[in-house]
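Structure record follows, encoded as structure tokens.
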Amino acid sequence: MHPNLEIFENFGTVNVTFQVTTATNFIVLHSKDLNLARILIVQSNETITPVLQHLEYPKHQQLYIKIDGTFIPDLKYKLWINFHRHLED
């Protein structure tokens, strides 16, 4: 993360490795007060899985990510999210 204390903004990247247990074309994650700049999903063989849609549900602090295709059970995926967030006092 790269906080800028002059303008109270924080820029960063999160990397999550995950697997699914059931075939699906979406995942739901916890997310709060982030401005998403880029979402990238990469399979264990370095193939990029296209993201079709992402939706934020601030009331429940959730991020829904839908892909073009299906997450395959027991295959490892890496999720990369670039974000920025306004820092609070």
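With a sphere of radius 15 Å drawn around the Cβ of ASN35, what net charge do the other residues whose Cβ falls strictly inside it have (Lys, Arg +1; Asp, Glu -1)?
Values: positive: LYS32, ARG38, ARG85; negative: GLU9, ASP33, GLU56, GLU88.
Result for the local shell: -1.
Between THR24 and HIS86, take the C-beta separation as r, use R0 = 30 Å, and let me know the FRET efficiency to the nearest 0.05. All intermediate terms of the calculation are to be shown ahead of the outcome.
Details: r = 32 Å, r/R0 = 1.08.
E between THR24 and HIS86, to the nearest 0.05, is 0.40.
How large is the convex hull of the Cα atoms of the chain per residue, expressed in Å³ as a whole number? Before the final figure, lay out the partial values.
Working: hull volume 8.6 nm³, N = 89.
Dividing the Cα hull volume of the chain by its residues yields 97 Å³.
Modelling each spin label as a point 7 Å along the Cα-to-Cβ direction, I'd like the LYS78/VAL14 distance in nm, to one decimal.
Each label point lies 7 Å from its Cα, and together they span 1.8 nm.
A short reminder: the numbers here are calculations on the coordinates, not readings from a lab. What you see is a predicted model; the values in this text were computed from it and never measured. Don't worry about glycine lacking a Cβ; one is built from the backbone with ideal geometry, like all the others, and counts go over all protein chains shown.
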